[in-house]
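One structure is given here, and the rest of the page talks about it.
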Amino acid sequence: MENNSLVTIAKFSREKILYLIDMAREFEKSPNRKLLEGRVVATLFFEPSTRTRLSFETAANRLGARVIGFADPKVTSNTKGETLKDTIMMVSNYADVIVMRHFLEGAAQYASEVSPIPILNAGDGANQHPSQTMLDLFTIYQTQGKLDGLNIYLVGDLKYGRTVHSLLTAMRHFSPTFHFIAPDELAMPKYYKMYCREHGIKYVEHKDFDADTISDADILYMTRVQRERFTDLMEYERVKDLYLLKRDMLSKARPNMKILHPLPRVNEIEYSIDETPYAYYFQQARNGLYARQALICDALGITLDDVRNDKTIIA
Ligand code: CP
């Protein structure tokens, strides 16, 4: 069904991304409003989450909407065999927009095709995580003052990491140079390398992860090796600690360089790095609130002008 769903970040043009960043900046200035009073936002999480679910729910709550949903499908009729289609049809009777995380690649696309109300993809398997990408783009813009022409290093699990797949897709509008650092088992999939070539995105693959290699990074995007995506746990054990960012590796970093991580962190970034000016992952997670306020509003037809002219701001 045609609606305002967000399944993949590929849907957004350069102009639309910049527009949503402008909207998120408005919410950063004043997150508490009554713009969504009377609306209901459903959050359906078939996979665990801390940041995505809580920031979507906070986004809705701070805009005056009510939130329904579940964080664990085991407490729903999913366990009795209810299909995803029927679940979506039921929830669309109660809510105005559905935020859904699912473990299956393609689940968000399917849900958007059967749903009469917008679906916001909060992560589908190893495929896409478009709302994370909007907060990543907002954060990159906030820290670099631009999105164009940046050196972006992606480190860790580039095979299953839906956040890096989404980010790469969105950055096609902004002439980046990507640097991929991953073990062979978790290398960037051929599909995305082909995507880079088709869209004129420069990329370099590295094996080393040291101060020299990352010295020209503007953004160092660390990712977790995701245990839950491995069928062979021996393979997980072999690769899980291969790329650990240590404080002394920042000795040659550019002054503007920021370390991002979608979180949760397991063992990718030494804790002492949190105290350095390069660490930006907690602010990044905070930006999830503003970016998701923008995405919910956009899905419900609320425009940037509506936000700028909004008289419902609560101090
Ligand atoms: N970044 C992210 O998706 O975190 P959660 O899994 O906690 O939602």
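Checking every one of the trypsin sites (Lys or Arg not before Pro) in region 184-227 against DSSP loop status and a limit of 14 other Cβ atoms within 10 Å picks out LYS207. Identify all aspartates and glutamates with a Cα-Cα distance to LYS34 below 18 Å; exclude those on the same chain that are fewer than 8 residues away in sequence. Excluding near neighbours in sequence, the set is GLU26, GLU57, ASP96, ASP298, ASP305, ASP306, ASP310. Quick one: angle between helix 130-144 and the longest Cα principal axis of the chain, in degrees between 0 and 90, rounded to 10, please. Value to nearest ten degrees: 60.
With a/c under 1.5 counting as rounded, go ahead and sort region 101-239 into rounded, prolate or oblate using the C-alpha gyration tensor (a ≥ b ≥ c being the square roots of the eigenvalues; past the cut-off, prolate if a/b is larger than b/c, else oblate). In terms of gyration-tensor shape, oblate. Protein heavy-atom surface of the chain, 1.4 angstrom probe: 49% of the accessible area is carbon and sulfur, with nucleic acids and ligands not counted.
Given contacts defined as C-alpha pairs under 8 Å and at least six residues apart, what's the relative contact order of the chain, whole-number percent?
About 23 percent, as a whole number.
Each label was represented as a point 7 Å from its Cα along the Cα-to-Cβ direction; for VAL266 and PHE282 these points are 2.3 nm apart. The sum of -39500 (n - 2.57) across all DSSP H runs of n ≥ 4, divided by the residue count of the chain, sets its helix-only mean residue ellipticity at 222 nm to -10500 deg cm²/dmol. Close amide H partners of ALA279, meaning residues 5 or more places away or on another chain with modelled amide H under 5 Å apart, are ILE259. Amide H to amide H, with H built 1.01 Å from N, GLY69 comes under 5 Å of THR43, counting only residues 5 or more places away or on other chains. Would you mind classifying region 1-101 by shape? Square roots of the alpha carbon gyration tensor eigenvalues, ordered a ≥ b ≥ c; an a/c under 1.5 is rounded, otherwise it is prolate if a/b is larger than b/c and oblate if not. Cα axes put region 1-101 in the prolate bin. The distance from the alpha carbon centre of region 252-282 to that of region 38-65 is 26 Å, rounded to a whole number.
The values are calculated or read from the model by the stated rules, or taken from the named source; none is laboratory data. Everything numeric here is computed off the predicted structure, so don't read it as measured data. When we count neighbours, we look across all protein chains shown, and the Cβ atoms used for this are built from the backbone with ideal geometry, even at glycine. Ligands, DNA and RNA are stripped out before the accessible areas are found, and what is left, the full protein with its side chains, is counted by its heavy atoms. Shrake-Rupley method; radii C 1.70, N 1.55, O 1.52, S 1.80 Å.
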